[in-house]
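These notes concern the structure reproduced below.
Any read-out appearing in this document is the output of simple, stated calculations on the displayed coordinates, not a laboratory observation. Just so it is clear, the model here is predicted, and its values are computed rather than measured. When we count neighbours, we look across all protein chains shown, and the Cβ atoms used for this are built from the backbone with ideal geometry, even at glycine.
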Amino acid sequence: MSINMTTPAQWDAVKQPKHYKKTEDAIECIDAIKSSMDTDQWRGYLKGNVQKYVWRYENHPNGKVQSLEKAKVYLQWLIEAES
């Protein structure tokens, strides 16, 4: 799912955690991060997050599946950035 396609009704711990948006009408944290980077920096950021979530998934207190789902979201965004 694209960053901009997620609605407040779809927020969850994986696709769009509520704690990354200060109010319902505020800018999403990931959008602010993306806008502060050029294309290569953005791709590097996404790649690093994929690696982070895969690296920690076996031992993370929120569980293996949540970390892998987060890695999947960042991987999808990286695929979109390469398209």
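General observations
- Pairs of lysine residues in region 27-81 that meet both criteria, 8 or more places apart or on different chains and Cα atoms under 14 Å apart, total 7.
- Of the residues V73, N59, A32, the one whose Cα sits farthest towards the positive end of the charge dipole of region 20-83 is N59 (charges of +1 on Lys and Arg Cβ, -1 on Asp and Glu Cβ, taken about the Cα centre).
- Tensor-based shape of region 19-83 (alpha-carbon gyration tensor, a/c under 1.5 rounded, otherwise prolate or oblate): oblate
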